[in-house]
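Just below is one structure, and these are the notes that go with it.
The values are calculated or read from the model by the stated rules, or taken from the named source; none is laboratory data. Bear in mind the structure is a predicted one, so any value in this text is a computation, not a measurement. When we count neighbours, we look across all protein chains shown, and the Cβ atoms used for this are built from the backbone with ideal geometry, even at glycine.
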Amino acid sequence: MLKRIAALVLGTAALGLLGWGQVVTVYVTVDGEPADAVITVSTPGRRVQVAYNDVHEPGVVRLQLMRGEYSLRVESGAGFTTTAHISQLIVGPGHPMEIAVELPRAFWPRETWNYYSADLHVHSSASWDGITPPDQLVAVQLSADLDLVTITDHNTILGHAPFGKAAAARGVPAILGEEITAFIGHWNAFPLHTVVDYGRDKTASDYFREAREAGAQLIQVCHPSSRLWGYFQLLLGSPEYDDSFDLVEIYNGEFSAGDEQTIATLYELWNGGHRYVAVGVSDDHDWRNLQSRTGRARTYVLVEGELTVETWLEALAAGRAYATYGPHIRLSAQGTALPGDTVFVPHGDPFELEVELVLVDVDQPRELHRAWIIRNGELWQEIPLSGHRATVRVTDTPTEPTWYAVRVFADDEDQAHSNPIWTTPR
Ligand SMILES: [Zn+2]
């Protein structure tokens with residue numbers, strides 16, 4: 001494990017909390033720049049506090065701690081671009097303390113690969129079941145080192161204004177959406193300018209049409225295999241099913257059997273020629289609940305040129321994306337083809353795939369474990385991996401229309417899935 005003893009403890013002027021505790025200010029930088037951060041404060045065996053910086057004060061996290069021994073876990077993009085820093089702290093009476101933590105980026109997809117990330121399913125307190133204030137939701141997402149921020153509350157866009165304002169103040173692109181929530185399924189729509197409300201007699205087609213009229217370029221099926229709320233589970237195969245959506249959540253929160261089922265269903269849909277784009281999302285509702293974390297699953301999208309909401313959504317719609325809990329995937333074929341592309345392959349000619357993989361430690365050391373090359377929905381090749389970086393090359397000679405995608409696992413079972421490259425022999 002990287003031992004980065006960047007913590008610098010400065011006892012300064014006396015200012016106690018009732019004499020038996022104190023204020024601890026943590027300054028967090030990533031590659032030397034003040035960075036949004038989340039700090040988990042725990043005593044042995046017990047978590048006591050989760051704290052973020054204010055959205056308007058990146059890199060400054062204030063904790064109020066009583067006398068005692070603590071462990072601070074300081075994160076900004078942990079497991080994706082940086083590794084969490086863990087430091088021990090003894091709080092005595094009276095003295096405010098200042099700690100500086102520098103988190104070097106181990107890998108930065110946006111700089112190295114032009115891949116930019118967002119978590120396309122996140123709730124604020126504008127949702128009836130959300131806790132996170134909309135403006136602070138921006139800081140929460142930036143503390144996960146996401147490159148664009150997203151809001152998708154249930155049947156409301158009331159959070160858009162405070163969320164959009166905070167994002168603008170921070171200069172980060174904001175994807176304003178909604179989770180259309182009905183008894184026949186849940187769908188995220190982005191971007192959205194007016195609310196699409198629940199209606200007892202509305203069909204999926206009604207919701208989709210209303211969303212498109214409200215400006216939505218993309219409609220995403222949320223937790224598709226959920227028994228209670230999943231559109232695939234509820235309607236796939238029925239006459240009320242409308243297939244005119246764009247995105248499918250293959251990862252929703254911590255990986256589950258439902259996600260595995262969604263992947264199997266999506267393979268069938270891909271085999272049927274439906275080019276839906278696979279995305280990963282957290283579906284987080286509560287910034288203090290560390291069982292569910294914003295950005296835990298996310299989607300990285302390749303954007304050549306300027307990053308805006310429009311360019312990112314356009315590239316996502318084209319399928320230039322991977323969904324991930326940590327591993328990074330850069331898939332290409334024949335030197336120039338990218339996920340989402342269709343490649344014409346002369347009969348009998350080789351088709352070459354190249355996959356670059358990168359993994360960042362969360363806090364404990366971890367390594368890439370295995371890559372699966374998926375061909376038309378079947379596990380075609382399993383390639384054992386090790387270390388933090390790997391390049392995999394495979395060659396096939398497709399004789400029928402064939403799609404190829406990559407699913408990769410780390411040794412802690414965090415995984416990622418690319419979108420397919422499609423081939424047509426001729
Ligand atoms: Zn949701």
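General remarks:
- Residues that are within 16 Å of the ligand (Cβ to nearest atom) and not small (Gly, Ala, Ser) within the stretch 95-130 comprise ASP119, LEU120, HIS121, VAL122, HIS123, TRP128, ASP129, listed in sequence order.
- Residue count for the stretch 198-224 satisfying the condition of being in a loop (DSSP other than H, G, I, E, B) and either buried (at least 21 other Cβ atoms within 10 Å of the Cβ) or away from the ligand (no atom under 16 Å from the Cβ) (or both): 12.
- Residues of the stretch 256-289 satisfying the condition of being more than 14 Å from the ligand (Cβ to nearest atom), under 23 Å from HIS328 (Cα atoms) and not small (Gly, Ala, Ser): ASP259, GLU260, GLN261, THR262, ILE263, LEU266, TYR267, TRP270, ARG275, TYR276, VAL277
- The number of residues in the stretch 338-372 being out of contact with any Leu (no Cβ under 7 Å at 6 or more places or on another chain), under 14 Å from PHE409 (Cα atoms) and assigned to a strand (DSSP E or B) comes to 2.
- Output for the stretch 410-426, where each listed residue is crowded, with 20+ Cβ neighbours inside 10 Å and either over 24 Å from VAL345 (Cβ atoms) or modelled with pLDDT under 95 (or both): ALA410, ASP414, GLN415, ALA416
- When TYR267 is tested against (1) over 25 Å from VAL360 (Cβ atoms); (2) touching a residue at least 60 places away in the same chain (Cβ under 8 Å); (3) in contact with an Asp or Glu (Cβ under 7 Å, 6 or more places away or on another chain), exactly one condition is not met: (3).
- Exactly one residue out of VAL394, VAL360 is over 24 Å from the mean Cα position of the chain (by Cα) and not small (Gly, Ala, Ser), and it is VAL394.
- Test: PHE163 is modelled with pLDDT of 95 or more and either closer than 14 Å to VAL281 by Cβ or touching a Lys or Arg at 6+ places or on another chain (Cβ under 9 Å) (or both): no
- Candidates VAL38, VAL74, VAL50: the one that is closer than 30 Å to LEU368 by Cα, modelled with pLDDT under 95 and of a type in the set (A, V, I, L, M, F, W, C) is VAL50.
- The stretch 131-161 - residue that is under 20 Å from the mean Cα position of the chain (by Cα) and more than 23 Å from PRO58 (Cα to Cα) and, of those, surrounded by the most Cβ atoms within 10 Å (Cβ to Cβ): THR152
- One residue stands out in the stretch 90-107 among those that are outside any strand (DSSP E or B) and within 29 Å of the chain's Cα centre (by Cα): the one that is farthest from ARG62 (Cα to Cα), namely PHE107.
- Contacts under 7 angstrom Cβ, first residue in the stretch 166-183 being in a strand (DSSP E or B), partner within 16 Å of the ligand (Cβ to nearest atom) and among the acidic types (Asp, Glu), 6 or more apart: GLU178/ASP153; GLU179/ASP153
- Counted residues, the stretch 40-77 - those being in a strand (DSSP E or B), more than 24 Å from ALA168 (Cβ to Cβ) and not polar (S, T, N, Q): 17
- Checked against the criteria, ASP341 does not count as at pLDDT below 95 and surrounded by fewer than 20 Cβ atoms within 10 Å (Cβ to Cβ).
- Residue match in the stretch 119-129 (condition: surrounded by fewer than 17 Cβ atoms within 10 Å (Cβ to Cβ) and over 15 Å from the mean Cα position of the chain (by Cα)): yes
- Which listed residue is assigned to a loop (DSSP other than H, G, I, E, B) and within 16 Å of the ligand (Cβ to nearest atom), from THR152, THR194, THR156: THR156
- Flag: VAL392 matches the condition of being aliphatic (A, V, I, L, M) and more than 18 Å from ALA297 (Cα to Cα).
- Odd one out for SER244, checked against (1) away from the ligand (no atom under 16 Å from the Cβ); (2) among the polar types (S, T, N, Q); (3) part of a helix (DSSP H, G or I): (3)
- Taken together, GLY68, GLY59 contain a single residue that is on the phi > 0 side of the Ramachandran plot, in contact with a Pro (Cβ under 8 Å, 6 or more places away or on another chain) and more than 16 Å from the ligand (Cβ to nearest atom), which is GLY59.
- Sole residue being surrounded by fewer than 20 Cβ atoms within 10 Å (Cβ to Cβ) and either over 20 Å from TRP270 (Cα atoms) or within 15 Å of the ligand (Cβ to nearest atom) (or both), chosen from GLY230, GLY253, GLY171, GLY185: GLY171
- Within the stretch 310-327, one or more residues are at pLDDT 95 or above and of a type in the set (Asp, Glu).
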